[in-house]
Amino acid sequence: MSNTEKWALITGASRGIGRAVALELARAHGLHIVVNYASNEAAARATADELAALGVKAHLAPFDVRDPQAVAAGIEGWRAAHPGARIEVLVNNAGVTRDNLMVFMKPEDWSTVIDIHLNGFFNVTSALLQGIVRQRSGRIINIVSLSGAKGVAGQANYSAAKAGVIGATRSLAQELAKRSITVNAVAPGFIESDMTKELPVDQLKALVPMGRFGTPEEVAGVVSFLASPAAAYITGEVIHVNGGLHS
Ligand code: NAP
């Protein structure tokens, strides 16, 4: 009998926004989840336990999105464990920041951020693309940032990487539209997570019209909508989730 399981692969699903997206896609759509992460196995296992409690399967896939061979091996490991299952939703979420004014930015801080966000998007998406194209259904959702849409001082590396992913989102959306596969981006503003915990929160909250940071769950709700049948005709879009913090 053929395997009809539908899975979502979420990069950086051990913590923060990725974890919230994993739980919401499981809860709202009953999707089984490939939990990718870089190194925090304890957090990834905790996410997997929460997914199991929701009644879906979780497959831990530690790989560095920067490394195409590691990505291929991670996906192959999932395929071998779940032959015939399909990836219905891909969420490119893994990310880091290495903020500094460009005048002080080290070359490795530029390349690490470009590598993880932009090359990571390419490595993971291209590894899954043939299968998604063949099945003629699927959703690709890229977590970008307000920083990539408007630019933020101290984030030339991150703004460039996220702007690059926005451009790729729009191109790939056009390439896949005929097959009813959608490609969209979600652009959070300030969201409570490990990524933002060292920031001067009170100072930054004052800049947000809603006067607070968003929650990972508020981002996950939009990703879940984009993964739903209701969003079938939306593609190539960037949806902002930022409490009114526009440019
Ligand atoms: P986070 O809490 O710091 O979590 C980052 C996640 O990415 C972790 O699961 C981490 O895995 C994983 N990761 C990092 N480098 C990786 C790599 N090379 N390969 C595979 N996985 C990797 O961050 P977050 O705030 O949830 O951010 C998630 C996404 O939202 C990022 O793309 C970020 O740029 C974007 N975003 C965040 C905010 C915000 O305010 N928080 C705003 C706009 C956009 P480990 O646990 O193993 O380290």
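The values are calculated or read from the model by the stated rules, or taken from the named source; none is laboratory data. In this text, all values refer to a predicted model and were calculated from it rather than measured experimentally. Glycine gets a Cβ as well: all are built from the backbone with ideal geometry, and neighbour counts include every protein chain shown. Ligands, DNA and RNA are excluded from the accessible area calculation, which covers all protein heavy atoms including side chains. Shrake-Rupley method; radii C 1.70, N 1.55, O 1.52, S 1.80 Å.
Things worth noting here:
- For peptides 174-180, 134-140, sequence by mean Cβ density within 10 Å, most packed first: 134-140, 174-180
- Here the Karplus curve 6.51 cos²θ - 1.76 cosθ + 1.60, taken at θ = phi - 60°, turns the phi angles of segment 3-17 into couplings of 7, 9, 4, 10, 10, 10, 9, 10, 7, x, 9, 6, 9, x, 5 Hz, with x standing for Gly and Pro.
- A Förster distance of 30 Å, applied to the separation of the beta-carbon atoms of H82 and M210, puts the FRET efficiency at 0.15.
- The helix-based estimate of mean residue ellipticity at 222 nm for the chain, built from -39,500 (n - 2.57) per DSSP H run of four or more residues and divided by its residue count, is -13500 deg cm²/dmol to the nearest 500.
- In the chain, lysine pairs closer than 21 Å at Cα, eight or more apart or cross-chain: 6
- Maximal additional length on extending the F122-A72 stretch stands at 16.8 nm, based on 0.36 nm per residue less the C-alpha distance.
- Rounded accessible area of K57 (nearest 10 Å², 1.4 Å probe): 90 Å²
- Computed over protein heavy atoms with a 1.4 Å probe, the carbon and sulfur contribution to the accessible area of the chain reaches 54%.
- Peptides 8-14, 192-198 ranked from most to least packed, by the mean per-residue count of other Cβ atoms within 10 Å: 8-14, 192-198.
- Dividing the radius of gyration of the alpha carbons in segment 127-195 by their Kirkwood radius gives 1.07 for Rg/Rh.
- Förster radius 25 Å - calculated FRET efficiency between A52 and R170 (Cβ-Cβ, nearest 0.05): 0.10
- Sequence ranges 17-24, 88-95, ranked by mean other-Cβ count within 10 angstrom, highest first: 17-24, 88-95
- Euclidean distance of C-alpha centroids, segment 123-139 and segment 157-214, integer Å: 22 Å
- Helix 216-226 and the longest principal axis of the C-alpha atoms of the chain enclose an angle of approximately 50°.
- HN-Hα J in Hz across segment 43-58 - Karplus 6.51, -1.76, 1.60, θ = phi - 60°, x for Gly and Pro: 5, 5, 5, 5, 4, 4, 5, 5, 5, 4, 5, 7, x, 10, 8, 10
- Stokes-Einstein D (µm²/s) once Rh is taken as the Kirkwood radius of the chain over alpha-carbon pairs, at 37 °C in 0.692 mPa s: 182 µm²/s
- Between amide H atoms placed 1.01 Å from N, distances below 5 Å from F190 occur with G214, all of them 5 or more places distant or on a separate chain.
- Cut-off under 5 Å, modelled amide H: who pairs with H240 long-range: A187
- FRET efficiency for A153 and A177, using Cβ-Cβ distance with R0 set to 35 Å, rounded to 0.05: 0.45
- Distant-in-sequence amide H partners of R86 (H built 1.01 Å from N, under 5 Å): E5, W7
- Under the criterion of Cα pairs below 8 Å and six or more residues apart, the relative contact order for the chain equals 19 percent.
- In sequence order, segment 76-83 has phi-based couplings of 4, x, 5, 4, 5, 7, 9, x Hz under the Karplus curve 6.51 cos²θ - 1.76 cosθ + 1.60, θ = phi - 60°, and Gly or Pro positions carry x.
- Kirkwood radius for segment 1-137, taken over all pairs of different Cα atoms as the inverse mean of 1/r, rounds to 15.4 Å.
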